[in-house]
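The next block holds one structure in the form of structure tokens; read it before the comments.
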Amino acid sequence: MTTNISLPHVTKHIFVTGGVASSLGKGLTSASIGMLLEHRGLRVRMQKLDPYLNVDPGTMSPYQHGEVYVLDDGSETDLDLGHYERFTNSPLSKDSSLTSGKIYMSVFSKERHGEYLGQTVQVIPHVTSEIRSVISKLDAPDVDVVITEIGGTVGDIESLPYLEAIRQFAFDVGRENCMYVHLTLIPYLRAAGEIKTKPTQHSVQKLRELGIQPDMLICRTEYPINLTERAKIAMFCNVPLEGVIEEIDAKESIYEVPLKLHEGSVDDLVCRRLGLPKAEPDLTEWREVLNRVRNPQHELTIAVVGKYVEHKDAYKSIYEAITHAGIHHHAQISIRRVLSEKIETEGAEKLLGGVDAILVPGGFGDRGVEGKIEAIHYARQRKIPFFGICLGMQCTVIEFARNVLGYADANSTEFHRDSEHPVVCLLDDQKNVTDKGGTMRLGAQDTLLLEGSLAAAAYGRTTNILERHRHRYEFNNVYREQFEVAGLHATGTSPDGTLVEIVEVPDHPWFVAVQFHPEFKSQPTKAHPLFRDFVRAALAKRAAK
């Protein structure tokens, strides 16, 4: 007689590290691996561990760090989590984004509460144990694979506790349940006319000195790596030849990356290494995305008017959401990045003339605000499809108050505290807030839509929609009736009706501004409804020329 023994479920772990240089695309690579595994039917969770001492990116300048990506639970996170949500269906939470600041705060709190029982608190074992515990938090019976991206570059002093923690982690779960993927750079020297593998060798050598032997090397390169070079990398880095993967620069779209990795058998190698099911992924939907990118039927130009347009990552999710809407409509969209301050000196006509639509995104501070207001006036007067987001909505309200209601000094109390007509003002629950980090109105909030509005048409319903917020200031309800009578309608409100979340001008082809951030919930295979209809309106304008 035989007895069936049910073995406990074991969550597998993949750790993605980077070497040689920063900005190699660890986030994109991690997200692409997650996407491929999901398409094989596996249940994936994603996580980013950043070595900087800020508690979160919420107080960091977009020029240094790019956009702050907000989750449903209100966590302010690294922009790589945007890649995770665009590429995968992995649910993300505060446990998906950790920094050294958060890790050390937790360690200090435990020490103050006596949890270490008088021990001398040290990086090893206390900090590394805390890191291991946050990795383990994502283990669950309904999770097959956790992919953890380690921020920074191997060799950075601040990354050392994380590398030591993931080395130790293999002993927690068993080396057979743990895989190390190292993303590295293979530079091309034009003077010599050849690629160089030595930087990768040194990077892996540093990892091995720290006790980590990578199972796979993903090599970023401008040029193909021949078999001889791959064999050389494999030999010097102690990695099987099949584990040396070429990741050549994507020339058409970042959405090529998962398909390129699949061609390199990355997902097959991961499944074999971790003992996961080897069912082939169905990538039909993803291939259709690339087909639409490569074979557009329409062309558009959309202006994004902001104060951070010089930094390509400051509005990363905005640009991607526009791209997704273009994919939906088989359209190639050229984005004209317009610095709002320049509009103040050079005028809207010069900088916005000829565009098919205008978008004004979020931001903080008064720099460039007057340029945004002028851009909104230009779009409203010339019947150009317009989309305002967060501060873009607040500037919309200010523009309408000045030019339609006749309140020349209308403003937000963020920019002019003593304005006679503060049409945008501080939220009541923000008035006594002094700390900057994590104290705004954050995360997913319900909105009710007005029947017959452009927003309701986009979403296809008027019941609750859930969108993510990140702001301190809000439409001033004192002026709500005046705006309604003059033609700026509140078409989305909080469930209790006290907060205005969406405004529209009905006497316009498409003029919508929202207080939330819809860009955070857009995917290449499913464009956000508001971006989709914004681009549809731009196509209609283009066709009418």
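Observations on the model:
- Restricting the first member to the range 391-414 and to residues that are farther than 14 Å from HIS377 by Cα, and the second to residues that are in a loop (DSSP other than H, G, I, E, B) and open to solvent by 50 Å² or more (accessible area, probe 1.4 Å), the beta-carbon pairs closer than 7 Å and six or more apart or on different chains are ASP409/GLU420.
- Residue tally, condition in a loop (DSSP other than H, G, I, E, B), surrounded by fewer than 22 Cβ atoms within 10 Å (Cβ to Cβ) and under 15 Å from the mean Cα position of the chain (by Cα), over the range 306-321: 3
- Test result for LEU261, touching a Ser or Thr at 6+ places or on another chain (Cβ under 8 Å) and open to solvent by 40 Å² or more (accessible area, probe 1.4 Å): no
- Exactly one residue out of VAL123, VAL173 is open to solvent by 10 Å² or more (accessible area, probe 1.4 Å), under 22 Å from PRO214 (Cα atoms), among the hydrophobic types (A, V, I, L, M, F, W, C) and at pLDDT below 95: that is VAL173.
- Among residues of the range 491-507 that are under 16 Å from ALA444 (Cα atoms) and in a loop (DSSP other than H, G, I, E, B), none has a beta-carbon under 6 Å from a residue that is open to solvent by 10 Å² or more (accessible area, probe 1.4 Å) and among the aromatic types (Phe, Trp, Tyr) at least six positions away or on a different chain.
The values are calculated or read from the model by the stated rules, or taken from the named source; none is laboratory data. Small disclaimer: the values here were computed from a predicted structure and weren't measured. Positions of Cβ are backbone-derived with ideal geometry, glycine not excepted, and every protein chain shown enters the neighbour counts. With ligands, DNA and RNA removed, areas are computed over all heavy atoms of the protein, side chains included. Shrake-Rupley method; radii C 1.70, N 1.55, O 1.52, S 1.80 Å.
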